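Here the structure is laid out as structure tokens; the discussion comes afterwards.
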Amino acid sequence: MREIAAEVLRYFQENLLAAAVVALITGFLASKTVAHGEKANIAGYFFVGVLGSFLGQFAIRYFGLKETLDQVAGLWLIFDMLAAYLGSFVIATMFHFLKPQ
């Protein structure tokens with residue numbers, strides 16, 4: 001698992017700008033999906049997005065989907081967005097249920 005986490009971190013370091021933009025967009029979308037009427041700030045969206053992106057990329061590599069997704073290399077941004085959104089949705093849901101009322 002440690003090797004997978006290191007591989008995901010290397011991937012984010014190689015694609016830093018794309019990863020930051022994807023994290024911000026997916027963090028915003030996931031946070032608004034989970035808690036529609038709640039107000040948050042850009043830092044909160046970015047935090048949820050970064051954790052969600054990491055979780056999504058980790059899951060792709062853990063389940064061995066990376067090689068399959070690399071065969072359609074032209075669609076890497078779509079797959080990154082989808083993985084980041086699903087991961088961000090999980091993180092935003094956990095934050096929503098665990099935060100004090």
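The values are calculated or read from the model by the stated rules, or taken from the named source; none is laboratory data. As the structure is a computational prediction, the values presented were derived from the model and not from experiment. Heads up, the Cβs are rebuilt from the backbone with ideal geometry, glycines too, and the neighbour counts pull from every protein chain shown.
ILE60: under 21 Å from MET1 (Cα atoms), part of a helix (DSSP H, G or I), touching a residue at least 12 places away in the same chain (Cβ under 8 Å) and of a type in the set (A, V, I, L, M, F, W, C), yes or no?
Answer is yes for this residue.
Out of all the residues in segment 70-80, which are surrounded by fewer than 16 Cβ atoms within 10 Å (Cβ to Cβ) and assigned to a helix (DSSP H, G or I)?
ASP70, ALA73, GLY74, LEU75, TRP76, LEU77, ILE78
Restricting attention to segment 16-56, and to residues there that are over 16 Å from LEU82 (Cβ atoms) and polar (S, T, N, Q), which single residue is modelled with the lowest pLDDT?
ASN41
Could you tell me which of the residues VAL50, VAL34 is more than 13 Å from the chain's Cα centre (by Cα) and β-branched (Val, Ile, Thr)?
Of VAL50, VAL34, the one residue that is more than 13 Å from the chain's Cα centre (by Cα) and β-branched (Val, Ile, Thr) is VAL34.
Please enumerate the residues belonging to segment 10-55 that are of a type in the set (Asp, Glu) and either assigned to a helix (DSSP H, G or I) or touching a Cys at 6+ places or on another chain (Cβ under 6 Å) (or both).
Scanning segment 10-55 gives a single hit, GLU14.
Among the candidates ALA83, ALA59, which residue alone is crowded, with 18+ Cβ neighbours inside 10 Å, closer than 21 Å to MET94 by Cα, within 12 Å of the chain's Cα centre (by Cα) and at pLDDT 90 or above?
ALA83
Got a sec? Which of PHE54, PHE89, PHE95 is touching a residue at least 40 places away in the same chain (Cβ under 8 Å) and either β-branched (Val, Ile, Thr) or more than 24 Å from ARG10 (Cα to Cα) (or both)?
Of PHE54, PHE89, PHE95, the one residue that is touching a residue at least 40 places away in the same chain (Cβ under 8 Å) and either β-branched (Val, Ile, Thr) or more than 24 Å from ARG10 (Cα to Cα) (or both) is PHE95.
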